[in-house]
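For reference, the structure discussed in these notes is given below.
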Amino acid sequence: MIDDVKDLSRVEKAKQLARKEFTNYLGKTFIAVIVASVAVTVFALFIVNRFLNAFTAERALITTGLFVSSLVIFLLLQIGVYKYTKQNGSSIRDFWLTTIMTIITFIATMAACTLLDNVYAMPIAIATLVLIELIDRRTATLATAVLCVLMMVFFLFSDGTKVFDIPVVLSAIVCNCMCAVLINFLEHKHYSRLKFLIAAMLTPLAMQPLVVTLTLAHSDISITILWNVVWCYGANVAAALVFMPLVAIFEGMFNIADDFRLNELCNLSNPLLKRLASEAPGTFNHSLVVGNLAEACASAIGENPNMARCAAYYHDIGKLKAPIYFSENQSSYNPHDELIPEVSVSMITSHTLFGEILAKQNRLPKEIVAICREHHGTSPVGYFYRKALTLKEEGDLAVDKYTYAGPKPQTKIAAIIMVADTIEAAMRAYMPDTREEYEARINKLVDEKLELRQFDECPITMGDIAIIKQTIIEVLPSIHHSRINYDKKRKSSK
Ligand SMILES: [Fe+2]
Ligand SMILES: [Fe+2]
């Protein structure tokens, strides 16, 4: 009964929190909805060259209709983006980005149609391509759908219908939207830049038979067929060409960790990694090994391997503040010999906080900043706790003063880094001779983290943890070039 009441209050609290988050999101993005609706309406009026007439008595109704329709469309986009991105904790950023890309693509499409005097010249795929890379496939689909509706509203409300017939306009919208959907279906955000570009340029070819068929369906058998094909293909190729600079601009502006950026950050000539290599070589080598382990684990459980590798490379940058206090950077001199355990442990545990500060100063993506802080969770520093216990003459010693400040890992990748980091550090200190002992040690290290409830705040499952353990068991010996004695295992198993 008490448990039921507790569960109910927990559910109610979660609902309240969700409502608060949604209200906060609506408040912080409503200005974007207004700005987008005004921008679309003003541009629509400007492009059909009747801006000055827009507020006359006879036009006021059409202008209002255009604004209200845009407002409703962007409000729906606002709710849709929240639904798709609330798990990432970046809904506000993602909505702003989606809105900006929708406006840019709308303006580019309207300008292209009007200037080229061909309604098939619709580079709708600009938004699709950028959003697949910077957010995800579902948000890209949503933006494409919004653009289709916006085009239809624009042509229905504006004088554009005097220039283009509505059936021709609808055919052009269908062709270009299907092209964007096909690109969305075939592109993959883990593609290299060249592969992404080639796929974006080749995919529109598949839609050209539809362009020919729809043009013929309008009883147009003139040279228009050729122009429609040329402009439909040309618009989508143009979208592929402007995609790269737009991604570069927006990944920097919104500090987004897409795969292109993660690969750049993993480049060992990056200034922060170069500093780590020269000032804390032991930590640098440890981070590279953790990177290999984390990448393999992330692939094994369906997480982003590039993010895992990148997070591992930077997880210990906080040690740059005082590298000599960490065992991997010591040779003969150990400064902890001259310090009391309380001071030693504060030097050790503060590297997560310094890491977070340094990562923010270097504008690393927020996912990596969080992992710098979370990768030890609230684990105790066992060595110094035991040392303090031996020095204490009587009574108990609170373990709280000897633990990391947390928070615990909040994502699956943070949990992977925690496991890989712990195992790598332990195995670097001592690599068992036999396979049995090696596996038992890894199981023990992970079990300790489970007993300390370090994975309680992230969505990782026991199945994921089993896969991560197995992956590390297989991969680590090859990275360390260790020779585990299988003969001993066979003998002992006889
Ligand atoms: Fe660390
Ligand atoms: Fe580490």
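Go through the range 303-374 and tell me which helices (runs of 4 or more DSSP H), entirely inside it, have 1 or more residues that are within 16 Å of ligand 2 (Cβ to nearest atom) and free of Cβ contacts under 8 Å to residues at least 40 places away in the same chain.
Passing ranges, in order: 341-361, 366-374.
Please work out if L210 is open to solvent by 40 Å² or more (accessible area, probe 1.4 Å), farther than 17 Å from M244 by Cβ, touching a Cys at 6+ places or on another chain (Cβ under 8 Å) and part of a helix (DSSP H, G or I).
Values: open to solvent by 40 Å² or more (accessible area, probe 1.4 Å): yes; farther than 17 Å from M244 by Cβ: yes; touching a Cys at 6+ places or on another chain (Cβ under 8 Å): yes; part of a helix (DSSP H, G or I): yes.
Here the answer is yes, as L210 does meet what is asked.
Pick from L116, L52, L71, L61: which is at pLDDT 90 or above and either over 37 Å from the mean Cα position of the chain (by Cα) or open to solvent by 20 Å² or more (accessible area, probe 1.4 Å) (or both)?
When all the criteria are applied, what remains is L71.
Is it true that some residue in the range 236-247 is outside any helix (DSSP H, G or I) and more than 23 Å from the chain's Cα centre (by Cα)?
No, the range 236-247 has no match at all.
Which members of the range 322-342 meet the condition of being away from ligand 1 (no atom under 15 Å from the Cβ) and open to solvent by less than 60 Å² (accessible area, probe 1.4 Å)?
Residues of the range 322-342 that are away from ligand 1 (no atom under 15 Å from the Cβ), as a first pass: 324, 330-342.
Within the range 322-342, Q330, N334, P335, H336, L339, P341 qualify.
So in the range 410-432, with the set limited to residues that are of a type outside the set (S, T, Y) and not in a helix (DSSP H, G or I), which one is modelled with the lowest pLDDT?
Going through the range 410-432, the residues of a type outside the set (S, T, Y) turn out to be 410, 412-421, 423-429, 431-432.
Filter again for not in a helix (DSSP H, G or I), leaving 410, 431-432.
Details: Q410: 94, M431: 81, P432: 84.
Taking the candidates together, the pick is M431.
Return yes when V149 is surrounded by fewer than 24 Cβ atoms within 10 Å (Cβ to Cβ) and over 21 Å from the mean Cα position of the chain (by Cα) and no when it is not.
Working: surrounded by fewer than 24 Cβ atoms within 10 Å (Cβ to Cβ): yes; over 21 Å from the mean Cα position of the chain (by Cα): yes.
Yes: the conditions hold for V149.
Identify all residues within the range 390-434 that are basic (K, R) and either touching a helix residue (DSSP H, G or I) at 6+ places or on another chain (Cβ under 6 Å) or open to solvent by 60 Å² or more (accessible area, probe 1.4 Å) (or both); write none if there are none.
K392, K401, R428
When the range 433-464 is examined, which residues are found to be over 23 Å from G406 (Cβ atoms) and part of a helix (DSSP H, G or I)?
In the first step, residues of the range 433-464 are kept if they are over 23 Å from G406 (Cβ atoms); the result is 433-443, 463.
Passing the criteria: R435, E436, E437, Y438, E439, A440, R441, I442, N443, G463.
I'd like to know if the range 400-418 contains one or more residues that are aromatic (F, W, Y) and within 16 Å of ligand 2 (Cβ to nearest atom).
Yes, the range 400-418 contains at least one residue that is aromatic (F, W, Y) and within 16 Å of ligand 2 (Cβ to nearest atom).
Within the range 213-228, which residues are assigned to a helix (DSSP H, G or I) and in contact (Cβ under 8 Å) with a residue 40 or more places away in the chain?
L214, T215, A217, W227, N228
Exactly one of these conditions fails for M244: (1) outside the structural domain of G463 (by TED's automatic domain parsing); (2) over 30 Å from I100 (Cβ atoms). Give me its number.
Failed condition: (2).
Kindly check whether there is at least one residue in the range 305-317 that is assigned by TED's automatic domain parsing to the domain that holds Q454, over 18 Å from the mean Cα position of the chain (by Cα) and within 13 Å of ligand 1 (Cβ to nearest atom).
yes
The values are calculated or read from the model by the stated rules, or taken from the named source; none is laboratory data. Keep in mind it's a predicted model, so treat the numbers as computed, not measured. Glycine gets a Cβ as well: all are built from the backbone with ideal geometry, and neighbour counts include every protein chain shown. Accessible surface areas use protein heavy atoms only, side chains included; no ligands, DNA or RNA. Shrake-Rupley method; radii C 1.70, N 1.55, O 1.52, S 1.80 Å.
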